[in-house]
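I have placed the structure first, in the form of structure tokens, so that the comments after it can refer back to it.
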Amino acid sequence: MSLLKLFKLGSNLDWPAFYQEKASQSKNALLQNFYKLGVAAPDTPISAIKFVALDFETTGLDAKKDDIISIGLVPFDLQRIYLSHAKHWIVNPNRPLGKESVVIHGITHSDIVDAPDLIRILELVLEALAESVVVVHYRPIEREFFNIALKTRIGEGIMFPLVDTLEIEADIQNRAASGFINWLKGTRPKPVRLGASRKRYGLPAYTPHHALTDAIATAELLQAQIAYHYSPDTPISKLWK
């Protein structure tokens, strides 16, 4: 069975092998180069990982009919967030903006009229993500939107491992609320939205729904989660999907 079929079945892939396979199969030169650069070995300790936090703002929540409208990313490791290397783009989704999405992210028609299509900045985005482990808060958004956006534009999608701070926090909260005593007390897992999760670690409140701000917030959250709940020697395979 191919690695791609294994991925579709939900298995945790051997990501370096997956990258090798995709490098030989991809027809797009940018994707070929992205995969050829590879990814960390699964047993690499998280203290040695180069992370990059990624966030998308979108025109809606359905990746099949909505599209990416802004991208924010910032590289970091367990000790530092490299704000001088942060990136933010507004991109043209080539479709009307709904009133609901404008209210959420504040990006209007005048903001996108001269904005580039995603394909025009794809090389820059892939360069920023290459050779790093990508971190998001709720991976279905970034995984599905990026994959479908590229399939629509170049006929080929993209896939790479993601560390999901929402999933990490949900696991932490579920464990904290488990057990018979907690059941008797009516203890329930606490909310895992980005702002609520950050508050538990004493992190400052940021205005949400700006792609770069949310990427920075996600990077800080993972640093806190690891400091409280993981060893620096934890292999990256324990966190990525």
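The values are calculated or read from the model by the stated rules, or taken from the named source; none is laboratory data. Just so you know, these numbers come straight off a predicted model, no measurement behind them. Cβ sites come from the backbone with ideal geometry, for glycine too, and all protein chains shown count toward neighbours. Calculation scope for accessible area: heavy atoms of the full protein, side chains included, ligands and nucleic acids excluded. Shrake-Rupley method; radii C 1.70, N 1.55, O 1.52, S 1.80 Å.
General observations
- Residues (open to solvent by 50 Å² or more (accessible area, probe 1.4 Å) and either under 24 Å from A41 (Cα atoms) or among the polar types (S, T, N, Q) (or both)) located in the stretch 199-227: T207, A227
- Cross-chain or 6+ apart pairs with Cβ under 6 Å, the stretch 76-100 first and within 25 Å of R153 (Cα to Cα), then among the charged types (D, E, K, R): I90/D111; N92/D117; P93/D67
- The stretch 102-160, residues that are of a type in the set (F, W, Y) and farther than 18 Å from E57 by Cα: F160
- Set A40, A63: member being under 23 Å from A149 (Cα atoms) and small (G, A, S): A63
- Residue check, I104 modelled with pLDDT under 95 and surrounded by 13 or more Cβ atoms within 10 Å (Cβ to Cβ): yes
- Residues of the stretch 141-178 satisfying the condition of being open to solvent by 40 Å² or more (accessible area, probe 1.4 Å) and not hydroxyl-bearing (S, T, Y): E144, I148, K151, R153, I154, G155, L166, E167, D171, N174, R175, A176
- Among the residues of the stretch 55-80, the one identified as modelled with pLDDT of 95 or more, hydrophobic (A, V, I, L, M, F, W, C) and surrounded by fewer than 18 Cβ atoms within 10 Å (Cβ to Cβ) is L78.
- Filter result for L239 (buried (at least 16 other Cβ atoms within 10 Å of the Cβ) and either within 30 Å of G106 (Cβ to Cβ) or at pLDDT below 95 (or both)): no
- Filter result for S47 (crowded, with 19+ Cβ neighbours inside 10 Å and among the small types (G, A, S)): no
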